[in-house]
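The values are calculated or read from the model by the stated rules, or taken from the named source; none is laboratory data. Keep in mind it's a predicted model, so treat the numbers as computed, not measured. Cβ atoms come from the backbone with ideal geometry, glycine included; neighbour counts cover every protein chain shown.
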């Protein structure tokens, strides 16, 4: 059995790949903290919607005529505004070391969490196959 065929393992692998790439980008930002005119970079966040973009959309099915259809009102959605929190140094460098280090810490915590999920899922497969975890 190839574990990459499992949707959960595939999603976890994609998240780990994203975190690895983000770590590389943040490391590049930190290494260029004193480079004049250097602009800090980051990746587009890995969201659930982005992860499910290649899947077929799931539509609810009306199984009883008395079920409510539901309606989406205009004010129901909340959009999180992205704040422009970075500063630009007099030499044009936009890397703020404290913010970059915080992001690196966040990436490390997320990676550990995903690795733990991966390990737990492997343990469940082993138990299902009759092997000790």
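Okay, here's what the table says:
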quantity: Residue identified as modelled with pLDDT under 80, within 20 Å of the chain's Cα centre (by Cα) and more than 30 Å from residue 95 (Cβ to Cβ) among 55, 61; calculated: 55
quantity: Failed item in (1) assigned to a helix (DSSP H, G or I); (2) at pLDDT below 90, with residue 24 passing the rest; calculated: (2)
quantity: Leading residue by the ranking (farthest from residue 110 (Cα to Cα)) among those in region 38-49 that are surrounded by 11 or more Cβ atoms within 10 Å (Cβ to Cβ) and either in contact (Cβ under 8 Å) with a residue 24 or more places away in the chain or out of contact with any helix residue (DSSP H, G or I) (no Cβ under 9 Å at 6 or more places or on another chain) (or both); calculated: 38
quantity: All positions within region 92-121 that are over 18 Å from residue 45 (Cβ atoms), free of Cβ contacts under 8 Å to residues at least 60 places away in the same chain and over 17 Å from the mean Cα position of the chain (by Cα); calculated: 92, 94, 96, 98, 119, 120
quantity: Which numbered condition residue 91 fails, given (1) touching a helix residue (DSSP H, G or I) at 6+ places or on another chain (Cβ under 7 Å); (2) at pLDDT 75 or above; (3) in a loop (DSSP other than H, G, I, E, B); calculated: (1)
